[in-house]
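First up is the structure itself, then whatever we jot down about it.
Throughout, read-outs are computed from the coordinates displayed, never taken from laboratory work. All values reported here derive from a predicted model rather than from experimental measurement. Neighbour counts run over all protein chains shown; Cβ positions are idealised from the backbone, glycine included.
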Amino acid sequence: MIKYIVLIAVIAVIFWMVTGKARAAARQAKEQADRPAERAAEDMVRCAHCGLFLPKADSVEARGVRFCSREHERLH
Ligand SMILES: [Zn+2]
């Protein structure tokens, strides 16, 4: 009889560990899913040469106009 109690306890511990890991993974997936929304909220600017949308921080500014690269700044 004691063997079954030990077996049930072991199964319970394994089950608890597996569901705990699943919860942690689900939480991590949710956090990662929330990140693109934050990034989309970031200021987006349009390249005056090719019309590409890009984050303001990645853009190049020249004469009050924004470009996606130095190459497009030069070509414009
Ligand atoms: Zn461009």
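Miscellaneous remarks
- Straight-line reach from residue 56: taking Cα to Cα under 17 Å and skipping same-chain neighbours fewer than 8 places apart, no lysines fall in range.
- Helix 2-41 vs. the chain, principal-axis angle (Cα, 0 to 90°, nearest 10): 10
- Each other residue within a Cβ distance under 12 Å of residue 29 adds +1 if Lys or Arg and -1 if Asp or Glu, for a net charge of +2.
- Across the options 24, 13, 59, the greatest Cα extent toward the positive end of the charge dipole of the chain (unit charges at beta carbon of Lys, Arg, Asp, Glu) belongs to 13.
- The label point for residue 27 and the one for residue 62, both projected 7 Å from the Cα toward the Cβ, are 4.9 nm apart.
- Sparse-neighbour loop sites [trypsin sites (Lys or Arg not before Pro); the chain; at most 13 other C-beta within 10 Å; DSSP]: 63
- Amide hydrogen neighbours beyond the local backbone of residue 52, cut-off 5 Å, H modeled: 47
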